[in-house]
1. Considering each of Glu141, Glu109 in turn, give the residue that is modelled with pLDDT of 90 or more, surrounded by 15 or more Cβ atoms within 10 Å (Cβ to Cβ), under 24 Å from Trp11 (Cα atoms) and of a type in the set (Asp, Glu).
2. I need every pair where a residue in the range 1-21 that is farther than 12 Å from Val123 by Cβ and hydroxyl-bearing (Ser, Thr, Tyr) has its Cβ under 8 Å from the Cβ of a residue that is part of a helix (DSSP H, G or I) and at pLDDT 75 or above, sequence separation at least 6 or different chains.
3. Looking at the range 85-192, what helices (runs of 4 or more DSSP H) fall wholly within it and have at least 2 residues that are closer than 25 Å to Gly7 by Cβ?
4. Output the number of residues of the range 45-104 satisfying the condition of being small (Gly, Ala, Ser), surrounded by 14 or more Cβ atoms within 10 Å (Cβ to Cβ) and at pLDDT below 85.
Amino acid sequence: TMLIVIGIGGWTALLFLSEFPFIATLNGTIKIILELFFTILLISPIFPELFKAWVLKIGGHFPQDHPLHRLIYGLEILNNQRGRKVFLLSFAAYLIFSFQFYILVNAFEKVPVQAGAITIPTVFFIKTILPISIGDLGIREGASVFFFKKFSVSSAAAFNGPILLFVINLLIPGLAGLYFLIKEKHPLRGRS
């Protein structure tokens, strides 16, 4: 799922952020490299054998204790059929979360589909590359307010959508799981 979020979100972030001075000053070569990187991330789950061969070739240049070798070990069990199945399931989950996000923001204020199609992947991208909070709480909401503001969406609607997404997808299932965990006789303990 992370490859999809970074791939799609990276592309939309490059498009969306091109008006900002920092991105606008990047020279063409760096933009092409970033576009190529995001494209490889999107294609790699569809053709895992090619991605595996590429990573194995690069991995030979790194010492055995490098984290890249853990990735190589994980790729050993991945074949084209399994990779495509995982990609389709991950992509379906990504679309569901994106659609939920759009519906929730749209419940508070009418948002054009184009604004949602550009902003939501960018918000997920920022949330993914900044894993500095519990449950990504705060990052998703702040990014949503920042990016939706460019499309004249109110801060309240841009904040309420992702906070409800957190409540629906993380908090409620987490509390339900906690109930069942507490209900068991010996939660999280081995038998003595």
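1. On the way: Glu109 fails: under 24 Å from Trp11 (Cα atoms).
Unique residue meeting the criteria: Glu141.
2. Listed pairs, sorted by first residue: Thr1/Ser90; Thr1/Ala93; Thr1/Tyr94.
3. 113-129, 139-149, 155-166
4. 2
The values are calculated or read from the model by the stated rules, or taken from the named source; none is laboratory data. Keep in mind it's a predicted model, so treat the numbers as computed, not measured. Cβ sites come from the backbone with ideal geometry, for glycine too, and all protein chains shown count toward neighbours.
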